[in-house]
Amino acid sequence: MAVASDMKTGERKGILIAPLRFKDQRFTRADLVFTGVDHSGGSYEVVVFLNNTGATDTTAHDIEQGYGGRFVIFGHGGCFGDAGHCDVPPARPSDDLRPPHQLTPTTTIVTITAALRHVLATNADGLTTVTLVPVAITPRRRDRAITPDLFRFDDVSLRTYLFGTDSDLPAANKN
Amino acid sequence: MSAAQLTSFRQAVTASMGVSDNRGYSAWAGIHGLPGQFCQHGTPLFLPWHRAYLYLFEKSLQDLVDGVTLPWWDWTSADSHAEGIPTSYTAATADNPLQSGSVAISASDIEQLEESAPGVMSDGDNPTTVRDPGPPTDLPQASTIDSILDAPTFADFTTRLENVHNDVHGWVGGSMSIIPIAAYDPVFWAHHAMIDRLWYLWQMRQPNVLPPAAMLNAALAPFPLTVSQTLDISQLGYEYAVAAIN
């Protein structure tokens with residue numbers, strides 16, 4: 001598991017490089033799982049590249065470039081209340097029946113099955129890095145660009161499945 | 001959607017936009033973002049909350065035009081991948097209320113949005129919604145949706161579908177690109193009807209897979225419905241075609 005504080009930003013401010021090592025070929029589905037993802041500000045997308053530490057927002061979305069997929073956050077757009085209105089409170093006790101704060105950081109996934117298979121087939125070291133390119137989804141298309149500090153999250157990890165769906169089960173295991 | 005259905009829907013939206021109290025279009029749009037800010041995103045309530053929202057908004061339209069229904073925008077269709085937003089929503093005619101909506105929020109909120117999100121609405125004292133769509137071929141692919149419809153659990157399905165939902169909001173751009181005023185754009189409802197339809201299609205494929213039991217009795221504020229009351233659309237009195245009819 002890679003956590004946000006471990007990641008390198010280098011000279012390309014805003015682009016994150018997460019060290020993630022994986023070589024096991026046995027999976028039917030692979031997801032990158034992002035936890036603690038902030039959605040309080042503007043909207044943004046995060047484009048994922050495997051084993052391509054030079055990727056940017058202009059890199060082709062091509063499996064040969066390590067493109068794994070992308071996710072989009074539909075942003076709350078900032079705080080329109082008084083002071084404290086958008087502060088997420090700590091976990092509430094069980095007898096506090098109010099629902100979780102709307103801006104509680106979320107979990108999202110990017111399914112990278114095909115891209116991971118390609119990386120494992122073409123790299124002896126397997127998966128070594130995941131590059132995350134955050135781009136602001138601004139109202140005006142011409143304003144969209146890599147934006148540092150928009151993408152805040154706790155960690156990213158790789159989750160693989162031996163069976164993705166029932167259709168992947170061997171015939172003997174089906175009902 | 002037939003010509004008669006489109007005419008009826010436009011009549012209903014026009015009438016709703018003319019109602020200035022809490023039964024009207026602006027009041028409904030303001031539940032999602034500003035000023036109400038009740039919407040659920042990035043939580044397990046995303047699908048049930050928006051189903052309740054669509055259901056009650058449609059009921060409000062039916063109070064104005066008997067039998068009117070909300071159309072869905074199938075952004076995976078060949079037409080959408082050729083033309084983008086349906087022409088019924090873009091036609092620049094005086095009698096088409098689906099082009100844009102008035103952004104009925106406070107002056108201070110307008111000022112804050114203009115500062116933080118330039119281009120999110122038209123300029124002037126009475127702003128309206130705007131769009132800045134991307135290339136039609138960038139809209140979600142049918143193959144992506146087919147894969148998501150195979151999701152084995154509610155959590156997997158809603159997480160992946162919400163990502164596609166977010167992507168379409170960003171693709172439309174303009175007012176649809178951020179939560180505070182997205183619902184003031186009439187295309188918001190067609191987009192969310194598509195999301196609701198996909199949830200229905202997934203439910204048809206996975207009839208025995210329910211949301212987690214712990215959330216079934218959760219209230220969907222500010223609506224008088226719980227999660228479990230949204231699960232069966234036949235109980236809500238509506239249905240979706242399984243295949244699109246152009």
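Within the stretch A:91-105, not a single residue is within 7 Å of chain B (Cβ to nearest Cβ), out of contact with any Leu (no Cβ under 8 Å at 6 or more places or on another chain), modelled with pLDDT of 90 or more and within 30 Å of A:Gly66 (Cβ to Cβ). A single entry from B:Gly30, B:Gly24, B:Gly18 fulfils the requirement of being at pLDDT 95 or above, on the phi < 0 side of the Ramachandran plot and in contact with a helix residue (DSSP H, G or I) (Cβ under 7 Å, 6 or more places away or on another chain): B:Gly24.
Going through (1) exposed (fewer than 14 other Cβ atoms within 10 Å of the Cβ); (2) outside any helix (DSSP H, G or I); (3) under 17 Å from the mean Cα position of the chain (by Cα) one by one, B:Arg23 falls short only on (3).
Taking first residues from the stretch B:110-131 that are at negative phi and partners that are assigned to a loop (DSSP other than H, G, I, E, B) and hydroxyl-bearing (Ser, Thr, Tyr), the Cβ contacts under 6 Å between residues at least 6 apart in sequence or on separate chains come to B:Thr128/B:Ser100; B:Thr128/B:Ser122; B:Thr129/B:Ser100; B:Thr129/B:Tyr184; B:Val130/B:Ser122. With a requirement of 1 or more residues that are surrounded by 13 or more Cβ atoms within 10 Å (Cβ to Cβ) and touching a Gly at 6+ places or on another chain (Cβ under 7 Å), the helices (runs of 4 or more DSSP H) lying completely within the stretch B:73-142 that satisfy it span B:107-116. Note on the stretch A:38-70: residues that are acidic (Asp, Glu) and part of a loop (DSSP other than H, G, I, E, B) amount to 3. I'm trying to understand the selection: among the residues of the stretch A:126-146, which are more than 15 Å from A:Gly77 (Cβ to Cβ), within 14 Å of another protein chain (Cβ to nearest Cβ) and not charged (D, E, K, R)? If the condition is that a residue be more than 15 Å from A:Gly77 (Cβ to Cβ), within 14 Å of another protein chain (Cβ to nearest Cβ) and not charged (D, E, K, R), then A:Pro134, A:Val135, A:Ala145 are the ones that fit. Being within 18 Å of the chain's Cα centre (by Cα), within 14 Å of chain A (Cβ to nearest Cβ), touching a residue at least 40 places away in the same chain (Cβ under 8 Å) and more than 30 Å from A:Asp82 (Cα to Cα): is that true of B:Gly84 here? Against the criterion (within 18 Å of the chain's Cα centre (by Cα), within 14 Å of chain A (Cβ to nearest Cβ), touching a residue at least 40 places away in the same chain (Cβ under 8 Å) and more than 30 Å from A:Asp82 (Cα to Cα)), B:Gly84 qualifies.
Restricting the stretch B:145-204 to residues that are in contact with a His (Cβ under 8 Å, 6 or more places away or on another chain) and of a type in the set (D, E, K, R), the residue that is farthest from B:Ser100 (Cα to Cα) is B:Glu162. For first residues located in the stretch A:58-72 and without any contact (Cβ under 8 Å) to a residue 24 or more places away in the chain, partners that are assigned to a strand (DSSP E or B) and lie 6+ apart or on another chain with Cβ distances below 6 Å form the pairs A:His61/A:Tyr67. For B:Thr93, are the conditions met, namely being modelled with pLDDT under 95 and not acidic (Asp, Glu)? Yes, satisfied.
Going through (1) within 14 Å of chain A (Cβ to nearest Cβ); (2) closer than 22 Å to B:Val13 by Cβ; (3) more than 16 Å from the chain's Cα centre (by Cα); (4) of a type in the set (A, V, I, L, M) one by one, B:Met176 falls short only on (3).
The values are calculated or read from the model by the stated rules, or taken from the named source; none is laboratory data. In this text, all values refer to a predicted model and were calculated from it rather than measured experimentally. Neighbour counts run over all protein chains shown; Cβ positions are idealised from the backbone, glycine included.
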